[in-house]
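First up is the structure itself, then whatever we jot down about it.
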There are 2 protein chains.
Amino acid sequence: MSASSPAPITVALLGGGTVGSQVARLLVDNAADLAARVGAPLQLIGVAVRDASRARDGVPAHLVTDDAASLTARGADIVVEVMGGIEPARSLILSAMAAGSSVVTANKALLAADGGTLYRAAADNGVDLYFEASVAGAIPLLRPLRESLAGDRVEKVLGIVNGTTNFILTKMESEGADYSVALAEAQALGYAEADPTADVGGHDAAAKAAILAELAFHTRVTADDVSCEGITGVTAADVEAARDMGFVIKLLAVAERTLDDSGVIVRVHPAMVPNDHPLASVRNAFNAVFVEAESAGAMMFYGRGAGGAPTASAVLGDLVAVARNRISGGRGPGESTYAGLHVRSIDEARTRYYVNLDVADRPGVLAAIAQAFADNGVSIQVVRQDGHGDDAGLIVRTHLATEGSLRRTVDNLRMLDAVKNVVGVMRVEGEAGP
Amino acid sequence: MSASSPAPITVALLGGGTVGSQVARLLVDNAADLAARVGAPLQLIGVAVRDASRARDGVPAHLVTDDAASLTARGADIVVEVMGGIEPARSLILSAMAAGSSVVTANKALLAADGGTLYRAAADNGVDLYFEASVAGAIPLLRPLRESLAGDRVEKVLGIVNGTTNFILTKMESEGADYSVALAEAQALGYAEADPTADVGGHDAAAKAAILAELAFHTRVTADDVSCEGITGVTAADVEAARDMGFVIKLLAVAERTLDDSGVIVRVHPAMVPNDHPLASVRNAFNAVFVEAESAGAMMFYGRGAGGAPTASAVLGDLVAVARNRISGGRGPGESTYAGLHVRSIDEARTRYYVNLDVADRPGVLAAIAQAFADNGVSIQVVRQDGHGDDAGLIVRTHLATEGSLRRTVDNLRMLDAVKNVVGVMRVEGEAGP
């Protein structure tokens with residue numbers, strides 16, 4: 001290298017799995033473009049993996065090590081953490097920052113559990129912390145929230161942030177399949193893991209919801225703050241009832257302000273979304289996040305939420321940003337929790353509901369049921385009666401109501417003689433109006 | 001202000017129209033949030049307008065001046081230019097940069113005509129140039145292209161970037177209205193101006209296409225490089241034919257690489273988009289931009305493309321970013337035209353086409369027409385024959401073909417006895433495959 005060439009920006013990579021090997025490949029394949037865009041070459045100095053004896057596509061063999069601690073201690077300009085999990089990822093990131101390295105991570109679990117510790121270490125050591133790849137893979141989403149909307153006031157975030165569950169729900173909808181059949185298909189195609197709990201239980205989405213909520217509302221939110229319900233209880237009957245009403249069922253991550261503006265509520269659960277809402281047409285393993293802001297209005301960000309190459313693209317975008325900061329002497333945005341809103345229970349959330357009832361087929365049933373809603377202050381938007389005799393059913397959609405008042409309504413409905421069974425209860429999101 | 005408070009970041013605003021007054025309002029209304037997010041207060045030191053005697057909502061009267069040059073010369077930390085037009089905007093921006101001010105602008109016409117001059121002045125003076133609001137209003141789009149995708153390779157950009165034409169086309173589709181009726185409705189509702197040429201002629205979209213193409217392909221692109229066709233020739237019959245085939249017609253801004261990767265082609269024209277493409281459901285005055293990148297795959301950014309408050313939101317996001325740079329000593333991304341690809345003529349573009357023909361109703365017609373396509377190397381994907389006798393029609397959709405070969409095909413078709421009239425020819429975008 002000639003004396004006039006800019007010094008390379010050194011990069012240490014922790015993790016050589018699906019994402020890590022794609023990051024290594026892109027650093028090599030796109031080296032010339034990256035150098036031009038950064039203003040200096042990005043030089044990969046090592047890749048820490050669990051088993052250094054195994055060959056990996058795209059990862060230069062002489063850079064591979066199983067000693068992550070030593071690689072971290074070398075003080076690279078940038079350490080990329082794509083190992084996942086809480087430990088040893090957290091300790092390695094803190095060591096890296098103490099050694100003066102900026103950090104790019106895709107680790108949603110760690111950020112949602114203990115992001116505050118990472119932010120603090122970044123501030124104490126004067127380094128950057130970037131994590132675009134932690135939510136919704138390749139979709140530029142955290143940068144828009146942290147930067148593009150930094151002059152606006154976010155009102156609500158509604159996201160499809162788990163590709164596995166969206167794939168399963170899409171199959172249930174398009175094929176009329178039961179949950180278990182759609183899950184098996186997702187597993188056969190590699191969209192769901194053998195133990196699908198983290199996805200279908202909503203826990204993966206909850207971690208992402210916490211990260212999104214913290215950025216959107218400038219308030220510390222952890223995964224424990226997120227009310228979480230998965231899709232295992234969604235039935236083919238729910239899907240069919242939704243379709244009949246012009247809705248689709250999606251697993252949503254929702255973060256919103258309380259009515260009095262003093263708090264935020266963050267929740268993950270299946271919800272019915274009207275067909276004409278932009279989220280309704282997000283199918284298969286795609287992700288999308290819908291954001292409502294005071295001045296900007298409604299926005300949506302759509303794309304691939306997972307996979308090695310899409311996630312690596314997001315990591316590389318962060319790498320370029322941090323490298324540019326190293327050269328210009330700038331710093332990316334730090335933690336922003338100044339608003340300090342209270343994280344409230346889902347019991348305070350106000351949403352619309354769908355309630356599906358098996359009812360007795362006799363006069364006066366609708367009056368008794370409507371009274372149960374009215375007694376709890378829940379206003380009915382639409383009622384539909386289906387079938388006769390033993391098949392008589394009633395579907396109710398409500399106006400906005402609190403979780404608590406809806407729960408009391410359902411308790412009352414179960415005690416009515418006219419109600420044989422409460423077949424399904426689900427929240428409705430994405431509708432305008434009261 | 002106490003000695004320990006951070007010094008304010010000063011802001012001078014050029015332009016007090018729809019966008020400017022919203023920017024001033026947000027600076028006042030959101031002052032506390034902005035100060036917390038930036039780390040220092042943003043202090044508006046003046047607003048230059050054409051007529052200083054007129055009161056403006058949201059603009060403090062004592063800050064209003066009609067002397068833009070003097071305000072610019074005060075060397076504010078940040079000058080916001082929302083006047084529009086080439087001059088005096090360009091001279092004022094260059095003066096501001098020479099005085100050490102960073103610049104945030106929403107001026108698409110100036111950027112598309114002479115962005116290089118602005119970038120150069122920013123580099124020469126060591127200041128920032130940000131312009132998120134210049135394309136697609138509130139939708140965070142330029143920051144994702146400049147930063148989030150900086151480690152990826154963009155293959156194609158397909159955008160609905162003009163709300164007026166999308167509103168008109170949506171009306172034509174939903175009401176079966178003729179172009180002139182839908183235009184009159186858009187004018188009555190304030191979505192189209194009395195002289196709608198800049199919108200319906202595609203020129204506004206072309207300026208935005210140039211800005212997007214430059215960022216996506218790291219190549220200098222100006223408005224003059226963009227092939228531009230508006231929507232004035234779109235008929236109710238085209239819209240109906242599209243619907244019958246499962247398509248909608250959109251005015252698209254398209255930027256893509258040539259097959260041999262040595263060039264880029266940038267074009268604005270009406271196109272048929274399949275109903276299941278994410279762009280198809282972008283209705284009324286909404287904007288959306290679909291981006292395909294090598295690693296990230298397909299993404300879409302959706303939201304409000306115009307209006308005072310949405311555009312002001314984008315300006316404020318840039319203001320916060322530039323203010324943070326001022327404090328950290330960092331700099332935003334500069335011009336990136338290192339790739340230096342050749343901008344090619346639309347004649348080299350390869351797209352699919354829809355061709356709608358009035359034909360004679362007799363044996364052998366289809367064979368003659370198919371031969372005309374084959375003679376020019378254009379491969380047919382779908383043919384549909386409609387009607388009989390004088391109403392006999394034929395609709396053809398082709399596989400990928402070059403503009404030149406399609407033009408020769410249409411010339412040949414016009415000379416066939418079997419073809420009474422070429423009713424419509426339109427490009428088809430957003431389909432996968434050959």
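The values are calculated or read from the model by the stated rules, or taken from the named source; none is laboratory data. Small disclaimer: the values here were computed from a predicted structure and weren't measured. Note that each Cβ is placed from the backbone with ideal geometry, even for glycine, and that neighbours are counted across all protein chains shown.
Remarks
- A:HIS388, sole failed condition from (1) under 19 Å from A:VAL234 (Cβ atoms); (2) in contact with an Asp or Glu (Cβ under 6 Å, 6 or more places away or on another chain): (1)
- For region A:283-293, the set of residues classified as over 14 Å from the mean Cα position of the chain (by Cα) and buried (at least 24 other Cβ atoms within 10 Å of the Cβ) consists of A:ALA293 only.
Quick grid of which residues meet (1) in contact (Cβ under 8 Å) with a residue 24 or more places away in the chain; (2) under 23 Å from A:GLU240 (Cα atoms); (3) in contact with a Ser or Thr (Cβ under 9 Å, 6 or more places away or on another chain); (4) not small (Gly, Ala, Ser):
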position	(1), (2), (3), (4)
A:ALA367	no, no, no, no
A:ASP386	no, yes, no, yes
A:ARG397	yes, yes, no, yes
A:SER405	yes, no, no, no
A:VAL419	yes, yes, no, yes
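- Options A:ASP67, A:ASP57; residue that is among the acidic types (Asp, Glu), out of contact with any helix residue (DSSP H, G or I) (no Cβ under 9 Å at 6 or more places or on another chain), without any contact (Cβ under 8 Å) to a residue 40 or more places away in the chain and surrounded by fewer than 23 Cβ atoms within 10 Å (Cβ to Cβ): A:ASP67
- Test: A:ALA112 is closer than 26 Å to B:GLY39 by Cβ and within 28 Å of the chain's Cα centre (by Cα): yes
- For A:ASP391, the requirement of being exposed (fewer than 15 other Cβ atoms within 10 Å of the Cβ), not aromatic (Phe, Trp, Tyr) and not assigned by TED's automatic domain parsing to the domain that holds A:ASP261 is met.
- Residue, nearest to the chain's Cα centre (by Cα), within region B:253-264, restricted to residues that are of a type outside the set (D, E, K, R) and either part of a strand (DSSP E or B) or at pLDDT 95 or above (or both): B:ALA253
Results for (1) in a strand (DSSP E or B); (2) in contact (Cβ under 8 Å) with a residue 40 or more places away in the chain; (3) crowded, with 23+ Cβ neighbours inside 10 Å, shown as yes or no for each residue.
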{"residue": "B:LEU251", "(1), (2), (3)": "yes, yes, yes"}
{"residue": "B:VAL266", "(1), (2), (3)": "yes, yes, yes"}
{"residue": "B:ASP276", "(1), (2), (3)": "no, no, no"}
{"residue": "B:SER295", "(1), (2), (3)": "no, yes, yes"}
{"residue": "B:ALA306", "(1), (2), (3)": "no, yes, no"}
{"residue": "B:GLY317", "(1), (2), (3)": "no, yes, yes"}
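- Against the list (1) buried (at least 17 other Cβ atoms within 10 Å of the Cβ); (2) at pLDDT below 95, the condition A:VAL343 fails is (2).
- Tabulated pairs, region A:115-133, first free of Cβ contacts under 8 Å to residues at least 24 places away in the same chain, second part of a loop (DSSP other than H, G, I, E, B), C-beta under 8 angstrom, 6+ apart or interchain: none
- Failed item in (1) crowded, with 17+ Cβ neighbours inside 10 Å; (2) under 25 Å from A:GLU256 (Cα atoms); (3) within 14 Å of chain B (Cβ to nearest Cβ), with A:TYR354 passing the rest: (3)
- Screening A:ARG331 with (1) surrounded by fewer than 21 Cβ atoms within 10 Å (Cβ to Cβ); (2) part of a loop (DSSP other than H, G, I, E, B); (3) within 9 Å of another protein chain (Cβ to nearest Cβ) gives one miss only, at (1).
- Region A:120-134, residues that are buried (at least 19 other Cβ atoms within 10 Å of the Cβ), away from every other protein chain (no Cβ under 12 Å) and part of a helix (DSSP H, G or I): A:ALA121, A:ALA122, A:SER134
Per-residue answers, yes or no, for (1) in contact with a strand residue (DSSP E or B) (Cβ under 7 Å, 6 or more places away or on another chain); (2) not assigned by TED's automatic domain parsing to the domain that holds A:MET245:
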residue: A:LYS108; (1), (2): no, yes
residue: A:THR117; (1), (2): no, yes
residue: A:ALA121; (1), (2): no, yes
residue: A:LEU129; (1), (2): yes, yes
residue: A:ILE160; (1), (2): yes, no
residue: A:PHE167; (1), (2): no, no
residue: A:LYS171; (1), (2): no, no
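- Hey, B:VAL322 of a type in the set (Val, Ile, Thr), under 21 Å from B:ASP124 (Cα atoms), touching a residue at least 40 places away in the same chain (Cβ under 8 Å) and not assigned by TED's automatic domain parsing to the domain that holds B:ASP261 or not: yes
- Identity of the residue in region B:280-296, at the interface with chain A (Cβ under 7 Å from one of its Cβ atoms) and modelled with pLDDT of 95 or more, that ends up nearest to B:GLU155 (Cα to Cα): B:ALA293
- Failed item in (1) under 30 Å from A:GLY329 (Cα atoms); (2) surrounded by 16 or more Cβ atoms within 10 Å (Cβ to Cβ); (3) within 8 Å of another protein chain (Cβ to nearest Cβ); (4) in contact (Cβ under 8 Å) with a residue 60 or more places away in the chain, with B:TYR338 passing the rest: (2)
- Answer from B:MET272, B:MET300 - the residue that is without any contact (Cβ under 8 Å) to a residue 40 or more places away in the chain and either of a type in the set (Val, Ile, Thr) or in a strand (DSSP E or B) (or both): B:MET300
- Test: residue in region A:76-86 that is over 27 Å from the mean Cα position of the chain (by Cα), buried (at least 18 other Cβ atoms within 10 Å of the Cβ) and not assigned by TED's automatic domain parsing to the domain that holds A:HIS203: yes
- Of all the listed residues (B:THR402, B:THR398), the sole one being at pLDDT below 95 and away from chain A (no Cβ under 14 Å) is B:THR402.
- Among residues of region A:136-194 being of a type in the set (Ser, Thr, Tyr) and within 13 Å of chain B (Cβ to nearest Cβ), the one that is farthest from A:ASP261 (Cα to Cα) is A:SER174.
- Filter pass, B:GLY201 being away from chain A (no Cβ under 14 Å) and over 12 Å from the mean Cα position of the chain (by Cα): yes
- Looking across region A:150-165, the residues that are more than 12 Å from the chain's Cα centre (by Cα) and of a type in the set (A, V, I, L, M) come down to A:ALA150, A:VAL154.
- Of the residues making up region A:245-265, none is within 16 Å of A:VAL343 (Cα to Cα) and among the aromatic types (Phe, Trp, Tyr).
- Test: residue in region A:199-221 that is assigned to a loop (DSSP other than H, G, I, E, B), at pLDDT 95 or above and of a type in the set (Ser, Thr, Tyr): yes
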